[in-house]
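The values are calculated or read from the model by the stated rules, or taken from the named source; none is laboratory data. Given the structure is predicted, the values throughout are model-derived calculations rather than measurements. Quick reminder, even Gly has a Cβ in these numbers, built from the backbone with ideal geometry, and neighbours come from all protein chains shown. What goes into the accessible areas is simple: the full protein's heavy atoms, side chains included, and nothing from ligands, DNA or RNA. Shrake-Rupley method; radii C 1.70, N 1.55, O 1.52, S 1.80 Å.
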Amino acid sequence: MLLAVLLGTGIPASAQSDTPPEKVQELLRLLDDPAVRDWVARQGTGPATTPTPSMADVTMNPGHFMDQRLISVRAHIDQLIAAIPLVPTEFATLRDRLMVELSDRGGLEVLALIAAFLGLGVVAELLFWHFTKGAQRWIVGVNLATSAERLRAAGIRLAFSLGIVASFAVGSVGAFLAFDWPPLLREIVLGYLVAFLATRVALALARFALAPGGERFRLVPMTTDSAWFWYRRIGIAIGWLCLGWVTVALLHRLDVFMPVHALVAYTLGLVLLGIGIEACWRRPVQDNGGQAAHNHRRLKNGLITAYFILLWLLWVATAIPLFWLAVVIVGLPVSIRFTRRAVNHILQPAGTEEARQIRGLAEVSLDRGLRALLIIAAALLLAHAWNVDLVAMTMMQDTLMTKLLRGVLSAVVIVLVAEFLWNALRAAIDVQLQGAIAAGHADDEASRRRARLRTLLPILRNVLFIVIFVIAVLMVLSSLGIEIGPLIAGAGVVGVAVGFGAQTLVKDVISGMFYLLDDAFRVGEYIQSGSYKGTVESFSLRSVKLRHHRGPLYTVPFGELGAVQNMSRDWVIDKLTIGITYDSDLDKARKLIKEVGKTLAADPEFAPHILEPMKMQGVEQFGDYAIQIRVKMMTKPGEQFTIRRKALAMIRQAFNQNGIKFAQPTVQVASGADHTDAAIAKQAIDMAAAKPVEE
């Protein structure tokens with residue numbers, strides 16, 4: 001790029017190969033001396049940019065700092081305006097120097113060398129594509145059903161993309177480095193080769209993330225048109241940035257007048273600004289219709305355009321700390337949002353609504369880890385931009401501001417690590433808890449372990465949160481310079497006082513620990529303790545919540561439970577007492593009850609819940625008007641009520657069909673035979689006399 005610009009300036013082609021005069025050659029040799037260059041730089045009009053002030057300079061005297069910054073910006077703008085007429089002269093001088101140092105090879109030959117080595121890189125890349133056709137077919141047909149498969153495919157695609165770039169680097173840069181070149185020619189050609197290589201790396205990463213040619217591999221959720229649009233714009237922007245960067249660096253290397261050097265840099269940056277504004281206004285958007293949406297989109301595009309222009313102006317004004325601060329303020333939230341969308345998209349693809357209810361450990365770790373890295377990178381960038389010496393901050397002899405900044409940075413890192421650790425542990429616990437809840441009420445050993453996890457994990461989650469929170473707060477206070485030793489000692493004294501004053505609370509907590517260690521009850525089990533009974537719904541550190549079968553919710557402290565009757569473990573024996581008349585056939589009744597038990601045990605609805613079929617145990621007792629017989633059966637806990645209702649209905653039907661009568665309470669009055677008729681007649685007369693006479 002630099003050679004192409006220089007070749008297009010005003011010296012005739014015939015003069016390019018002329019040997020410069022001897023005095024010019026002597027001047028060029030003097031300019032190559034580092035001591036001469038340093039003296040010339042000190043005698044010049046001053047650099048185009050001013051040194052970045054330290055944070056201490058800003059805070060000690062902000063008014064003086066702002067005044068000096070305004071003076072510096074005005075001087076810088078004046079230098080740029082004054083340097084505009086010098087641009088043709090500087091470029092002519094630069095071309096003369098290049099022709100002298102590259103006397104063996106003309107500018108066109110250098111451009112041809114760059115093109116040749118780029119062609120070698122393309123050939124090496126084509127060979128890589130040819131020898132990896134099998135891997136390409138495997139990647140295209142890989143299964144992406146699970147999160148692990150999608151992560152593995154993403155890693156393989158990233159490695160393949162970097163392999164393409166590596167093959168291009170070996171063919172271009174590697175081939176160039178294999179030969180010996182003059183120093184200046186080596187620097188120019190190698191600089192533009194590296195710029196092109198950096199562009200290829202950016203395109204490879206963009207293809208990896210956007211996958212414009214394969215929607216199933218796309219990490220960032222967007223349409224195919226949007227993916228192609230941003231893939232091309234990223235390539236153009238990064239390519240122009242790299243070419244401009246190398247060109248500006250070579251101008252500095254060739255000792256171009258600093259204001260002219262800055263003018264070239266700002267002009268190249270202005271083109272980059274135009275690329276960003278064009279991408280903003282022409283980016284594909286989903287047309288939702290309506291004038292309000294159109295106006296909102298235009299307003300948003302206008303704000304983004306103003307933001308880009310502000311960045312360019314801050315750069316031109318050499319306000320580099322403010323420039324990077326503006327980049328971080330807008331770029332960090334956008335980066336975090338896109339990172340989270342990409343993680344959610346690759347680990348929870350569309351259509352898995354159930355998986356979205358609980359975020360997995362891999363998703364949380366990747367999401368929070370990348371977010372922490374982005375925040376730390378932004379903090380380091382701002383520290384560098386604001387001239388914060390992180391090495392000096394580790395020493396004891398520092399200022400109050402340095403101590404404060406060190407404490408704030410340490411606190412940020414501590415909070416990020418604590419938040420990452422808590423979210424990772426919570427995600428792991430939630431996944432296990434979700435699996436325990438989904439397991440239901442099966443009776444194998446694995447299901448019982450899951451039920452125990454379902455009981456203990458919520459308490460463990462609360463304990464971990466308290467521990468991580470307390471440790472993080474203490475570490476943050478310590479990083480800010482606050483002595484935490486007295487706090488810990490004071491907390492110990494307060495803890496002892498609270499322990500004496502809150503013995504009931506301590507009793508509840510300790511009792512709860514032993515109830516859980518004894519596995520006395522679990523979430524979902526029906527228990528009874530004194531006057532409290534119900535299904536265990538949840539725990540806290542000091543109490544248990546019981547849902548009565550009629551609806552009321554009891555919150556019972558562990559210290560008040562006492563002996564606990566668990567009605568949901570292993571099995572239950574349900575006993576029934578049935579009264580039949582004295583003239584009933586007991587053997588026939590036994591057989592009928594046995595048949596009813598066999599029928600229930602064969603019923604698909606009740607068979608899984610019956611452990612021992614129903615049978616008649618025998619005569620329980622002789623009552624005043626009935627023979628009491630005892631019937632029993634063994635079922636799973638909680639299922640006996642439904643089976644009992646069905647069994648009673650079937651027994652009634654079987655007894656009615658076979659002439660076995662259920663006993664009913666009766667009263668028999670008896671006396672001498674001679675007085676029976678008279679007693680009956682007298683009772684009838686009394687009843688008739690008591691009946692009112694109808695009018």
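What accessible surface, in Å², does a 1.4 Å probe find on Phe308, ignoring ligands, DNA and RNA and rounding to the nearest 10? Phe308 exposes around 60 Å² with every protein chain in place. Solvent-accessible area per residue in region 475-555 equals 60 Å², computed with a 1.4 angstrom probe and all protein chains kept. Farthest towards the positive end of the charge dipole of region 519-652, among the residues Ala647, Leu586, Val536, is the Cα of Val536, using unit charges on the Cβ of Lys, Arg, Asp and Glu. Couplings 3J(HN,Hα) of region 526-539, computed from phi: 9, 10, 9, 9, x, 8, 9, 7, x, 8, 5, 9, 6, 10 Hz, in residue order, whole Hz [Karplus 6.51 cos²θ - 1.76 cosθ + 1.60, θ = phi - 60°; x for Gly and Pro]. If ligands, DNA and RNA are left out, what is the accessible area of Asp583 with a 1.4 Å probe, given in Å² to the nearest 10? Asp583 exposes around 130 Å² with every protein chain in place.
Nonpolar atom fraction for region 555-673, defined as the carbon and sulfur part of the 1.4 Å probe accessible area, stands at 48 percent. Taking all protein chains as shown and a probe of 1.4 angstrom, Thr642 keeps an accessible surface of around 70 Å². Ordered from highest to lowest accessible area with the whole protein assembly present and a 1.4 Å probe, Arg550, Arg371 read as Arg550, Arg371.
Rolling a 1.4 Å probe over the protein heavy atoms gives region 189-269 an accessible area of 42 Å² per residue.
The listed residues Tyr625, Tyr515, Tyr554, Tyr192, once ranked by accessible area (1.4 Å probe) with the largest placed first, stand as Tyr625, Tyr554, Tyr515, Tyr192. Restricting region 467-543 to GluC sites (Glu not before Pro) that sit in a DSSP loop and have at most 16 other Cβ atoms within 10 Å of their own Cβ leaves Glu483. Treating region 544-658 as a set of equal point scatterers at the Cα positions, no solvent, please give the Debye-formula log₁₀ I(q)/I(0) at q = 0.10, 0.14, 0.19, 0.24 Å⁻¹. Results for region 544-658 at q = 0.10, 0.14, 0.19, 0.24 Å⁻¹ read -0.41, -0.69, -0.98, -1.32. For Leu254, no residue has an amide H sitting under 5 Å from its own, ignoring neighbours fewer than 5 places away on the same chain, with H placed 1.01 Å from N. Structure note, pairs Lys594/Lys636; Lys545/Lys646; Lys533/Lys594: Cα-Cα distances above 27 angstrom occur for Lys545/Lys646; Lys533/Lys594.
A simple charge model with +1 on the Cβ of Lys and Arg, -1 on the Cβ of Asp and Glu and nothing else charged puts the dipole of region 174-258 at about 300 debye relative to its Cα centre.
Quick one: pull the percent of accessible area on region 129-272 belonging to carbon and sulfur, 1.4 Å probe, ligands and nucleic acids left out. Accessible surface attributable to carbon and sulfur in region 129-272 totals 72 percent. In nanometres, what is the gap between the two model label sites at Leu517 and Thr555, each 7 Å from Cα along Cα-to-Cβ? Between Leu517 and Thr555, the simple spin-label model gives 2.7 nm.
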